[in-house]
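Here is the structure we will look at, set down as structure tokens.
No value in this document is a laboratory result; all are computed from the given coordinates. Because the structure is predicted, anything quoted here is derived from the model rather than measured. As a convention, Cβ positions derive from the backbone with ideal geometry for all residues, glycine included, and neighbour counts pool all protein chains shown.
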Amino acid sequence: MRTIYFVTSNTGKVANAQAALKPFGISVKQLKVDLVESRSEDPAEIALEKAQQAYKKFRKPCLVEDSGFFIEALGGFPMTHIKFSLRTLGIDGILRALRGATSRRCEWRMTVAYVYGAGKHKSFTFVEKGVIANRPRPVKRPMMSDYWRLYVPKMLDSKNTKALSEMTDKQMEEWLNYFSAHNQFLQLGEWLLS
């Protein structure tokens, strides 16, 4: 079984990568190390820079994942500054900034960068599209981000009106199955197999 190293302190991300890559005969091991993160607004750039740093340090095939949340009417804000935007504006501030906006479209961009040698790398991005709700939605499940109270995914069902925070168990299972069948780790596995 081939082994690659996921540089992250987030065990949930590691579990997602392990589940996606196991069918391809790829073992994922976690490496916890502090890396310098640029101020880039592009998750693909951040992931690649960090994966290159990790490869230089360990000389092993390394992957790093980074994501961003992009709101069309706000020029893409908050992009990769998710925690900063929640700490400073919060979801109420985001909703105030969207008053009068004609578009409520938004998307999550999740990129995994894989560095497997000096100058050898490949990146894979999964984009999930949705809309911003008109008001904060109730919390009926554990959330990864407060944006789950605003984000209404449309990829699986264009008529969906529920934010991630309030989806039924069945809807969440369908959403997770969709994510598992299309995500950035799966794209990496398919490329490694080819």
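Quick notes on this one:
- Size of electric dipole in region 9-48: Cβ of Lys, Arg +1 and of Asp, Glu -1, about Cα centre, debye, nearest 20: 360
- Of K29/K60; K50/K154; K22/K170, those spanning more than 19 Å from alpha-carbon to alpha-carbon: K50/K154; K22/K170
- Its Cα centre serving as origin, the chain has a Cβ charge dipole (Lys and Arg +1, Asp and Glu -1) of approximately 260 debye.
- Between T102 and A19, residue separation times 0.36 nm minus the direct Cα-Cα distance comes to 26.0 nm.
- Stretched out straight at 0.36 nm per residue, the stretch from L156 to L193 would grow longer than its current Cα-Cα span by 10.6 nm.
- Least to most buried among F69, F124, F84 (fewest other Cβ within 10 Å first): F84, F124, F69
- Bridges between two residues of region 2-193, per DSSP, are antiparallel at a rate of about 75%.
- By the count of neighbouring beta-carbon atoms within 10 Å, fewest first, Y151, Y178, Y5 end up ordered Y178, Y5, Y151.
- Other residues with beta-carbon under 13 Å from the beta-carbon of F24 carry, at +1 per Lys or Arg and -1 per Asp or Glu, a net charge of +1.
- Each residue, K60 and R141, gets one label point 7 Å from its Cα in the Cβ direction; the gap between the two is 3.3 nm.
- Listed residues F6, T88, L98: farthest to the positive end of the dipole of the chain (Cβ charges): F6
- Selection among Q30, M172, G130 by position relative to the dipole of region 21-176 gives Q30 as farthest towards the positive end (Cβ unit charges, Cα centre).
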